[in-house]
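Worksheet for the structure shown next.
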Protein chains: 4
Amino acid sequence: MASSFGHSFRITTYGESHGGAVGVIIDGCPPQVPLTEEDVQVDLDRRRPGQSDIVTPRKEEDTCQILSGTFNGITLGTPISIMVKNKDQRSGSYDEMRTKYRPSHADYTYDAKYGLRAWAGGGRASARETIGRVAAAAVAKKVLNYLAPNLEIVSYVKSIQDLVADVDSETVQFEDIESNIVRTGDPKMVEPMIERIKEVRSKGDSIGGVVECVVRGVPTGLGEPVFDKIDADLAKAMLSLPATKGFEIGSGFEGTKMSGSEHNDHFKMKDGSVRTLTNRSGGTQGGLTNGENLVFRVAFKPTATIMTEQPTVSTDKEDTELKGRGRHDACVLPRAVPIVEAMAALVLVDHALRQRGQNAPLLPDSLLPSIHDVL
Amino acid sequence: MASSFGHSFRITTYGESHGGAVGVIIDGCPPQVPLTEEDVQVDLDRRRPGQSDIVTPRKEEDTCQILSGTFNGITLGTPISIMVKNKDQRSGSYDEMRTKYRPSHADYTYDAKYGLRAWAGGGRASARETIGRVAAAAVAKKVLNYLAPNLEIVSYVKSIQDLVADVDSETVQFEDIESNIVRTGDPKMVEPMIERIKEVRSKGDSIGGVVECVVRGVPTGLGEPVFDKIDADLAKAMLSLPATKGFEIGSGFEGTKMSGSEHNDHFKMKDGSVRTLTNRSGGTQGGLTNGENLVFRVAFKPTATIMTEQPTVSTDKEDTELKGRGRHDACVLPRAVPIVEAMAALVLVDHALRQRGQNAPLLPDSLLPSIHDVL
Amino acid sequence: MASSFGHSFRITTYGESHGGAVGVIIDGCPPQVPLTEEDVQVDLDRRRPGQSDIVTPRKEEDTCQILSGTFNGITLGTPISIMVKNKDQRSGSYDEMRTKYRPSHADYTYDAKYGLRAWAGGGRASARETIGRVAAAAVAKKVLNYLAPNLEIVSYVKSIQDLVADVDSETVQFEDIESNIVRTGDPKMVEPMIERIKEVRSKGDSIGGVVECVVRGVPTGLGEPVFDKIDADLAKAMLSLPATKGFEIGSGFEGTKMSGSEHNDHFKMKDGSVRTLTNRSGGTQGGLTNGENLVFRVAFKPTATIMTEQPTVSTDKEDTELKGRGRHDACVLPRAVPIVEAMAALVLVDHALRQRGQNAPLLPDSLLPSIHDVL
Amino acid sequence: MASSFGHSFRITTYGESHGGAVGVIIDGCPPQVPLTEEDVQVDLDRRRPGQSDIVTPRKEEDTCQILSGTFNGITLGTPISIMVKNKDQRSGSYDEMRTKYRPSHADYTYDAKYGLRAWAGGGRASARETIGRVAAAAVAKKVLNYLAPNLEIVSYVKSIQDLVADVDSETVQFEDIESNIVRTGDPKMVEPMIERIKEVRSKGDSIGGVVECVVRGVPTGLGEPVFDKIDADLAKAMLSLPATKGFEIGSGFEGTKMSGSEHNDHFKMKDGSVRTLTNRSGGTQGGLTNGENLVFRVAFKPTATIMTEQPTVSTDKEDTELKGRGRHDACVLPRAVPIVEAMAALVLVDHALRQRGQNAPLLPDSLLPSIHDVL
């Protein structure tokens, strides 16, 4: 049981890849926010299979329905239920999976945990599960428009295998990313990345890469000591995504090679605000946002499903072999971009609401004694 | 508010570095487990300042008291409260911090969040906060002895700056690590690492590095889809530690350069068990443990406190300068090792209890129909 | 936000009376439990409007769909989503409610809380919201069949206004209750209660009463000190139901008139078990079940909707009048019976799973030292 | 495990009656609230044994220490840990309890749940556990002074056995209650109640009664649909107290005898506010506060400890007898009054913070379109 995420903006997702539907309930959304199915659909379309010729050709329209929580296009403050029906189910493609565990998939571990699994498709471990997250994040972004009007989240493919994009996280725009089907932020890398994906796919193999995400215009003070630090919650959010193997923020693993005198971000007043001259911290100090950009990276391993014969074992515990079938992404990165963005939005809206609940001023400024005088 | 961690074995910590005490309440610990203050003290001593000549010489005895939850040395099933009083407080050392923000520390972000901070020391952002975690983990390890008798957690310094230890995670022993004061697993790296720390300290500078952790003898099926995956919870646990900037499991960021045919872990029967021939997954597939070793790495940035003058701003929002004072670690890695181990233990015991609650068999095997026949 | 209930068997409900659907997600259900839509439907039919001539004649078929969490009729351990589409919406009946607050309804308080409300029907405050609870409880009861095979929950109308049923909670059977449309446990009261309801309805008025619930065959030790006592969670569960104003367990309010020497339940061995000679405790001591029957009562106020003109105020904050319209229950008690039973089942299954998670033996009896020897 | 209560203002308590200490951690308290140990001590003194000659003469000074979360007398926003050391332990008085279960106490159920218990005293089931609640509530009331400046909580003894106090909940003052040692609101009942308690005590027997609580000046809209209704959370809070057997709000059980036309609270504008002409709802409609007074009652059974020989069973499962020893309250009501008040304060502060988090306006009024125009 862990189908819920978030403390104050709390989502609960459900759905196997080949059941009746996948979806999400959002609990704690503020009232009076305009919200329609179109608002949600636009993001679902960005994660949808079949959207370009470098992603899986599986046809899933993924049309959402808002079942509750709005009235005449406005949120009520009550739980918002969003559902996407499952279609295009060719469970015949999966017959062999009934009795054999796909390597580096969750078939074996689900069986080990629960004693059974929904073998017709990936079940709950399918990437289809992320539909609920993306739908919820579409709502989260609407709320963030009010709570943090300057906040913008841009994520993009930073690398595919050894192909590394050169992107300026300070300036890269959402439109830059969406303008190319591989969703990278470096125009020079678009074609090489596309070529690489097509080449690998033609061999029946798969590849991975890194998604980078920047959040600009972040209010200061978001994050909760000591366990729900903003970086801790982002790390959990990202590692909860299928196929992820790593998370780093700011200077990350490379930063471990620096000395403190090189690494520290010095403070400097700028236009009346406390700012830092560098951003090796990646926008967070002590687990709380410091007003600089949040910049983090997420590692995605190569897709486990490949079209070549691989050694494996059967549910009867015999050695055997299995060859991937069906229609799969040779590289999940282009479709991972909106999902990383979605998880970032969910973390941020939750922390923005938590901050308001606990730390909004108890008294108007005019009535407050100066705390610093007292201390 | 986020002083609690865990769902079924739930800890809640408290304490500023310069208040009355730091400590933890553990809720949900199984009854009938032998537990004394000595069991806890041994781990507190491993994280304690002043334990060797490469860590901060601050003298803190950190003697723990168990205030509740045991009776005649046995756990009652009720909340276990463990307290360590604060001592050795030289708040005079901190006077300048009252009015100046230390670069890359949490001084500014706490002020931005709460409108005030405990300026006499690091407050809640002090590494002293981890005492509660380590104390709770000492209890967790006692419980794991019963729930997963073969489980062992070994963590060690994998690198300090560019000094990389060569460690075999399959075989490295706890005693190997504890036998050297830098807590690395590579005998050849002990002296170079110690030298590097002393050299950096002599300059008033600081350095970071990477801690690697291996968990062997893990039961299969631990972790909860889809948000509380074992890797997601480990990532959160580690990024909630002070000074961490990254987490990776199994092949991690390097794995993003491989192809699926290279990366997949093929299954193979061995002694009647389903095993994998390689372990690029790092012991988790679909967010659930697969019985192979959990292997992950955590990046620690160089300590923010350095003894040289640095530009910063004052609480009055003026540009100024600040020089570090007091007694600090030039490199936190040796003391980070038991803390990483502690967080791993807390994640594992929580998931072991969750697994038992939901997924222990409802019927004896003899009465169960074969699920695979039904499906 | 508080659409979730339960710690280990956790339900999250959604739905307004006049939106797309109402439903529930159940998270934490054990795997391998047979479950079909028929299992759920039978309980939904017991709470359905239009089931007899003393309840509202509104036609709602309330047909459920299981959207996830089962595979070939068996639970997977993953979240179970159950949906009931809304039909028969005559929102025309509700036009006046757009601008006027119905007395003793939630119209005004929802507006005060959220700044708007779904005025076309009762919105989230409609009794229709309980569909998700009843559906979840149907699943809970399937699980309890395994976790506590002797457990049985029987609830019944104890009183309607001054008409008090004489029921022996030790022996009353589920079939006795379901055999009469008013769902009382006293055959002599069936006709008087039915007559009273019809008489009140003919005047356009409404009445309330008390539901009593007994749970027999309860395992000992369920309930969690100190806040999630079994009686505390039952009280919350019942007071979370629409129209409830009171809860008492065992001797309840009457017991406050007794002395301790009269009230105490003396222990006595019986067939090798520790039992009590009386049950004024109502099956719980120190918040934990003691193996005796849980017996509690829930007070339901008279339905707020009546067909006579009443003073009220408008959304423009003017005094005005309003007369109830539409098709409503003059007495909710017969339909409240399965809902009280449902909430009891949800509390019990949650505590049974929690108990197993924390307190299942860590060692086989044969390996355990005698705790009582140690203590 | 259930030592925590509250969602946004979350308390976690610990402590057996005869361990090292009892106490509480408060997580989520807003920063910048003045708070000293004196603020807490005054309420602890009101629940303390030995405060008058009708309560237990046990001497417990119950002196509190604030271990964290404040700095120079002001809350930091970080967890507040408050501890009270245990003293005056005469565990010799309890030797017989090691092997015999006290009737209507939690001795047997704790053994049944955990397989052992802290037999030297009541352990976690001791009323001493409420110290943490009262300490936390002292903090809660400080916060409520800011969040809801007009809010006042007054609780008092409504009845002891058949002695019923006549109290006007609209006007009764805190000082009226505290001015008499039995803490009732009816001057005429002070002496009779005191006499009754002394008489019963002289016989070695015990008695129970009802505490009534009124909360005036409540903001509208507090409470969370559908499970955390204000009445549901109050019910849980009260039933989580030792010795409670019932809860009712507003018209309660008596209200079930009325018709809807008698029971409904008609709305009426008054001084520009929406008010009700009667308050049978007890201040809550649809689970949300409507601005009228919250009025509820809590049933306390007679104390289980009496000084006469009673049949019981031994831990060896043999029939035996046991006579109460030690110093106990013959009537807990006078000391229950501040505890009921405490739990009410904890529920209210939690809901006030939750309300602010989710439902504080997203835009200034001037920028908001009129929602009612849109709908």
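Nothing in this text is a laboratory measurement; each read-out follows from the coordinates by a stated rule. Computed from a predicted model, the values in this text were never measured in an experiment. Every residue, glycine among them, receives a Cβ derived from its backbone with ideal geometry; neighbour counts consider all protein chains shown.
Overall, the anisotropy analysis places chain D in the prolate class: the square-rooted eigenvalues a ≥ b ≥ c of its C-alpha gyration tensor yield a/c not less than 1.5, with a/b exceeding b/c.
Highest mobility in the GNM of chain D, judged by mean-square fluctuation with C-alpha springs under 10 Å and restricted to D:Met258, D:Met307, D:Met238, is found for D:Met258.
Here B:Leu375 yields copy-to-copy label distances, from shortest upward, of 4.2, 4.6, 5.5 nm, the label point defined as 7 Å from Cα along Cα to C-beta. Site pair D:Arg98 and D:Thr171 shows an inter-label distance of 5.9 nm when each label is modelled 7 Å from Cα along Cα→Cβ. Only Cα pairs under 8 Å and 6+ residues apart enter the sum, and on that basis the relative contact order of chain C stands at 21 percent. My understanding is that a pair violates if its Cα-Cα distance is over 24 Å; which of A:Lys113/A:Lys141; D:Lys158/D:Lys245; A:Lys141/B:Lys100; C:Lys85/C:Lys317; A:Lys85/C:Lys87 do that in this structure? From A:Lys113/A:Lys141; D:Lys158/D:Lys245; A:Lys141/B:Lys100; C:Lys85/C:Lys317; A:Lys85/C:Lys87, over 24 Å: A:Lys113/A:Lys141; A:Lys141/B:Lys100; C:Lys85/C:Lys317. Bridgeable aspartates and glutamates around B:Lys59 (alpha carbons under 19 Å apart, same-chain partners fewer than 8 residues away excluded): B:Glu16, B:Asp43, B:Asp45, B:Asp88, B:Glu129, B:Asp329. Each 10 Å bin from 0 upward holds the following percent of the Cα-Cα pairs of the protein assembly as shown: 1, 8, 17, 22, 22, 17, 9, 3, 1, 0.
With respect to chain C, whose longest principal axis is taken over its alpha-carbon atoms, helix C:187-202 is tilted by about 30°. Spacing of the modelled spin labels on B:Leu363 and A:Glu61, each 7 Å from Cα toward Cβ, amounts to 4.2 nm.
If one takes the longest principal axis of the Cα atoms in chain C, at what angle in degrees, from 0 to 90 and to the nearest 10, does the Cα axis of helix C:130-147 lie? For C:130-147 against chain C, the angle is about 20 degrees.
Of all beta-carbon atoms in chain D, the one sitting closest to the axis that brings chain D onto chain A gives D:Gly357, 1, with the distance in whole angstrom.
Ranked from shortest, the separations from the 7 Å Cα-to-Cβ label point of A:Asp45 to its equivalents in the other copies are 4.4, 6.6, 7.0 nm. Can you grab the distance from the C-alpha centre of the stretch A:187-211 to the C-alpha centre of the stretch A:4-66, Å, no decimals? Using only Cα atoms to place each centre, the spacing works out to 26 Å.
Among D:Val55, D:Val226, D:Val40, the residue with the largest mean-square fluctuation in a Gaussian network model of chain D, with springs joining Cα atoms closer than 10 Å, is D:Val226. Within the listed set B:Gly73, B:Gly217, B:Gly121, the Gaussian network model of chain B (springs between alpha-carbon atoms below 10 Å) gives the highest mean-square fluctuation for B:Gly73.
Give a quick list of GluC sites (Glu not before Pro) in the stretch A:108-212 that DSSP marks as loop, anything other than H, G, I, E or B, with at most 11 other Cβ atoms within 10 Å.
A:Glu170
Sequentially through the stretch C:30-38, phi angles give Karplus couplings (6.51, -1.76, 1.60; θ = phi - 60°) of x, x, 6, 9, x, 7, 10, 5, 5 Hz, Gly and Pro residues having no value and appearing as x. Each part reduced to its alpha carbon centroid, the stretch B:136-183 and the stretch D:299-345 end up 50 Å apart. For chain B, what does -39500 (n - 2.57) per DSSP helix run (n ≥ 4), summed and divided by total residues, give at 222 nm, in deg cm²/dmol to the nearest 500? That calculation yields -8500 deg cm²/dmol at 222 nm. Take every DSSP beta bridge whose two residues both sit in chain C; close to 95 percent of them are antiparallel.
Between identical copies, the spacing of D:Gln173 label points, each set 7 Å from Cα toward the C-beta atom, reads 6.3, 6.8, 7.7 nm from nearest to farthest.
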